1. Anything in segment 43-82 that is among the aromatic types (F, W, Y) and in a loop (DSSP other than H, G, I, E, B)? List them, or say none.
2. Tally time: how many residues in segment 16-33 are surrounded by 10 or more Cβ atoms within 10 Å (Cβ to Cβ) and in a loop (DSSP other than H, G, I, E, B)?
3. Which condition from (1) at pLDDT 90 or above; (2) part of a loop (DSSP other than H, G, I, E, B); (3) under 36 Å from the mean Cα position of the chain (by Cα) is the one that L11 breaks?
4. Return the pairs, sorted by first residue and then second, in which the second residue is modelled with pLDDT of 90 or more and not in a loop (DSSP other than H, G, I, E, B), the first residue lies in segment 53-66 and is exposed (fewer than 10 other Cβ atoms within 10 Å of the Cβ) and of a type in the set (A, V, I, L, M), the beta carbons are less than 7 Å apart, and the residues are 6+ apart or on different chains.
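The values are calculated or read from the model by the stated rules, or taken from the named source; none is laboratory data. Note that the coordinates shown come from a computational prediction; the quantities given were computed from them, not determined experimentally. We place every Cβ from the backbone using ideal geometry, glycine too, and count neighbours over all the protein chains shown.
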Amino acid sequence: MWRRLGQMAVLAGVSSGMLLASCTLPQSLKTMLFENVPPPGEERPPEPVVVRPRHPPLEPPAKPPPVVAVPEKPPSPDWPGF
């Protein structure tokens, strides 16, 4: 029980210290930390989420080389030998 109470006290002390420090930050550090934050009251449309594909796109398989079909002709008759 005392350990849990001690942890909660440390957490409260750290968070209050961070809150106090954030109010007293120099302006140059504030602008660096909050550079893309719009001023109060201004609304920006959400930017589209760009997700890179896990794998590169697949390429179609290579086309097989064209096959040239040569018709087989029967041997010509040997007319003079008949």
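1. F82 - this is the single residue of segment 43-82 that is among the aromatic types (F, W, Y) and in a loop (DSSP other than H, G, I, E, B).
2. Qualifying residue count, segment 16-33: 1.
3. The one condition L11 does not meet is (2).
4. none
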